[in-house]
Amino acid sequence: SELIKPYLGSKYKLTEVPKSLIFYMSRHCGPVNEIRWCPVREQSHMLLSASMDKTIKVWDAVDTGCCLKTYSCHSCAVRAACWSSCGRRILSGGFDSMLHLTDVETGKQIFSSKSEFRISALKFHPTESNIFICGGFSSEVKAWDIRTSKLLRVYKAAVQQTLDILFLPEGREFLTSTDAVSRDSADRTIIAWDFQSAAKISNQIFHERYTCPSLTLHPKESMFVAQTNGNYMALFSAQRPYRINKKKRYEGHKVEGFAVGCEFSPDGTLLVTGSSDGKVFFYNYHTARIIRTLSAHKEACVSAIFHPVLPSLLATCDWGGEIKIWQ
């Protein structure tokens, strides 16, 4: 993209809150579960979307707002999808219990495997590009190697479902958020794992009786944020013992009933989240105050993500199948 080229050699500038709508992209006929910018900076005009309509789409979300490709390899809703680090492949998992690694250019499956459970979370290892972790409607989380198409490791937790997976820097440890919240106990809501040994490091991280549909890592500081169904985001240390910061709570948006995602801006100054009322909320990371809200969608806004290269460019998606680009 010609728009991205001038920014490739320079340092990321300060993020500002976007004000105007650039593209309104609506080709999904079901809720959009996930959107992701391509991680390769030169190809970051491409946006990936995964939908309940059983498809994955790749868009030119910077220059034209057009859909470039549609992939229909799943027979049920696609709940999770992510780019490979090289930007040439898309890993996806869905309610058909299938895992697919698709070649972006040809649309062919490089790797396919049937899981024993419906998949709701997928993440590539941050330094080992052939390894990914998947979780879903099961008490187990699994690590796979796409070179051998084999299962590497199984992580066993006494839970019913994994909602999200977050690798900590360097990938030696990762976190899973689960639905293990009962009236008398809130342990196991967020579990920290040792990637190599599959041992649990801690399951006593979050003590509120809320589930956490999404987790996100701060780009510069050793902190992570958990979106909670209590209509607030909680801040934690990303180092053992992963203590919660009780002085900061990012609240004002609505989550209940939806897997609403949250993200930091690339410079780490803003925390952005969707909201079940269709708005996007921008929080000052340091003060936890709301800087601004954006009335983005009529239906629940489940994801809002800043572009990795172009300052202040934001993609949002909603439960009605819409994707919008803002600046």
- Query: Got at least one residue in segment 23-37 being of a type in the set (S, T, N, Q), open to solvent by 20 Å² or more (accessible area, probe 1.4 Å) and modelled with pLDDT under 95?
  - Reply: yes
- Query: Restricting attention to segment 129-138, which residues are more than 28 Å from Phe258 (Cβ to Cβ) and either open to solvent by 70 Å² or more (accessible area, probe 1.4 Å) or in contact with a His (Cβ under 9 Å, 6 or more places away or on another chain) (or both)?
  - Reply: Ile131
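Looking at segment 44-61, is at least one residue over 19 Å from the mean Cα position of the chain (by Cα) and either of a type in the set (Val, Ile, Thr) or over 20 Å from Lys324 (Cα atoms) (or both)?
The initial filter retains those residues of segment 44-61 that are over 19 Å from the mean Cα position of the chain (by Cα), namely 60.
Still in the running and either of a type in the set (Val, Ile, Thr) or over 20 Å from Lys324 (Cα atoms) (or both): none.
Within segment 44-61 (the criterion being over 19 Å from the mean Cα position of the chain (by Cα) and either of a type in the set (Val, Ile, Thr) or over 20 Å from Lys324 (Cα atoms) (or both)), the answer is no, since none of the residues qualifies.
In segment 278-298, which residue that is of a type in the set (D, E, K, R) and in contact (Cβ under 8 Å) with a residue 24 or more places away in the chain is most open to solvent (accessible area, probe 1.4 Å)? Reasoning before the result, please.
If we filter segment 278-298 for residues that are of a type in the set (D, E, K, R), which is where we start, we get 279, 289, 292, 298.
Filter once more, keeping what is in contact (Cβ under 8 Å) with a residue 24 or more places away in the chain: 279, 292.
On the way: Lys279: 69, Arg292: 99 Å².
By that ranking, first place goes to Arg292.
Residue-wise test of (1) open to solvent by 10 Å² or more (accessible area, probe 1.4 Å); (2) assigned to a strand (DSSP E or B); (3) more than 23 Å from Glu128 (Cα to Cα).
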site: Thr70; (1), (2), (3): yes, yes, yes
site: Ala81; (1), (2), (3): no, yes, no
site: Gly87; (1), (2), (3): no, no, no
site: Leu91; (1), (2), (3): no, yes, no
site: Leu101; (1), (2), (3): no, yes, no
site: Gly107; (1), (2), (3): yes, no, yes
site: Ile110; (1), (2), (3): yes, yes, no
site: Ser113; (1), (2), (3): yes, yes, no
site: Glu116; (1), (2), (3): yes, no, yes
- Message: With the requirement that a residue be basic (Lys, Arg) and over 18 Å from the mean Cα position of the chain (by Cα), what does segment 67-110 give you?
- Response: Lys69, Arg88, Lys108
- Identity of the residue in segment 307-327, open to solvent by 10 Å² or more (accessible area, probe 1.4 Å) and in contact with a helix residue (DSSP H, G or I) (Cβ under 9 Å, 6 or more places away or on another chain), that ends up nearest to Pro39 (Cα to Cα): Pro308
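Looking at segment 139-170, which of the residues that are among the hydrophobic types (A, V, I, L, M, F, W, C) and more than 23 Å from Ser112 (Cβ to Cβ) is most open to solvent (accessible area, probe 1.4 Å)? So that I can check it myself, show each step before the final result.
Keep residues of segment 139-170 that are among the hydrophobic types (A, V, I, L, M, F, W, C), which gives 141, 143-144, 146, 151-152, 154, 157-159, 163, 165-168.
Then drop every residue that is not more than 23 Å from Ser112 (Cβ to Cβ), which leaves 157-159, 163, 166-168.
Values: Ala157: 11, Ala158: 74, Val159: 15, Leu163: 36, Leu166: 18, Phe167: 20, Leu168: 7 Å².
Filtering first and then ranking leaves Ala158.
The values are calculated or read from the model by the stated rules, or taken from the named source; none is laboratory data. On a predicted model such as this, the values are computed, not experimentally measured, just so you know. Using ideal geometry, Cβ is built from the backbone for each residue, glycine included, and neighbour counts are taken over all protein chains shown. We work out accessible area using only protein heavy atoms, side chains counted, and drop any ligands, DNA or RNA first. Shrake-Rupley method; radii C 1.70, N 1.55, O 1.52, S 1.80 Å.
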